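Each remark here refers to the structure printed beneath this line.
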Amino acid sequence: MIRRQDRYPGITERGLSIVEVLIASALLLIIALGILPLFSRSIISNRQGLDSTEVSNMARTQMEEYAQLPFNHQMLTVPDGADELIVEQHFSEKDKKWKAGKDPAGGDTALFTRTTTIRQYGIDPSAPSGLTAKITGGDPPATIHLKEIQVNVLGRAGGPLGPQKQITVRVFKSH
């Protein structure tokens, strides 16, 4: 029988043995298992950041729409006899738009809920804060000097990717 070295003079055997391959594979597996939690945590963090951004943008958009309205606009007017005007809306998953009411109908799901509250105040220099108590709807418009617009947006339900996001934006609009 001819030995391998005799057939190919000058060539020595090179390569990895099965033991070396198994050791290298085990080391790679240990490193990969150490890094894997970082990827799952980054997915959760990215989703939480997306939810926070969406909730914040939806609140700011509503606030900007209300801030551009004239002071005595109907959408900023508190109903007669009430202390505040509350507008509740939900973002329909099916139609991808805001709809009236907090609860969707017909098997639809609310991705977000938004509550806008309008309150009216007068100015009273003798009061410690300089403001009067809330002015109810139906009072003479001349007594209303300030309107508080508050928008509260509640994001998707929590779950495995973190808690439900909520943001409240408030601004005062003067006459």
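The values are calculated or read from the model by the stated rules, or taken from the named source; none is laboratory data. Computed from a prediction, not measured in an experiment: that's the story for all the values here. Here Cβ is always computed from backbone atoms with ideal geometry, including for glycine, and neighbour counts include all displayed protein chains.
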Checked the stretch 50-87 for anything without any contact (Cβ under 8 Å) to a residue 12 or more places away in the chain and among the charged types (D, E, K, R); matches are Glu64, Glu65
Do any residues in the stretch 21-49 that are farther than 22 Å from Gln164 by Cα have Cβ atoms under 8 Å from those of residues that are modelled with pLDDT under 85 and hydrophobic (A, V, I, L, M, F, W, C), where the two are at least six apart or on different chains, and which pairs are they? Ala24/Leu16
When Thr77 is run through (1) under 19 Å from His175 (Cβ atoms); (2) loosely packed, with under 15 Cβ neighbours inside 10 Å, the failure sits at (2)
Quick test for you: out of Ile118, Ile144, Ile123, pick the one residue that is crowded, with 17+ Cβ neighbours inside 10 Å, hydrophobic (A, V, I, L, M, F, W, C), over 31 Å from the mean Cα position of the chain (by Cα) and closer than 19 Å to Ser174 by Cβ. Ile144
Sort out which residues of the stretch 99-114 are surrounded by 16 or more Cβ atoms within 10 Å (Cβ to Cβ) and within 21 Å of Ser52 (Cβ to Cβ), and write them in order of number. Ala110, Leu111, Phe112, Thr113, Arg114
Look through the stretch 27-60, keep the residues that are surrounded by 10 or more Cβ atoms within 10 Å (Cβ to Cβ) and of a type in the set (Gly, Ala, Ser), and return whichever of them is farthest from Val169 (Cα to Cα). Ser42
Phe172, sole failed condition from (1) without any contact (Cβ under 8 Å) to a residue 24 or more places away in the chain; (2) more than 30 Å from Ile44 (Cα to Cα): (1)
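Every residue, every condition in (1) modelled with pLDDT under 85; (2) closer than 22 Å to Asn72 by Cα; (3) β-branched (Val, Ile, Thr), yes or no:
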{"site": "Ile123", "(1), (2), (3)": "yes, yes, yes"}
{"site": "Ser126", "(1), (2), (3)": "yes, no, no"}
{"site": "Asp139", "(1), (2), (3)": "yes, yes, no"}
{"site": "Lys147", "(1), (2), (3)": "no, yes, no"}
{"site": "Pro163", "(1), (2), (3)": "yes, no, no"}
{"site": "Arg170", "(1), (2), (3)": "no, yes, no"}
{"site": "Lys173", "(1), (2), (3)": "no, yes, no"}
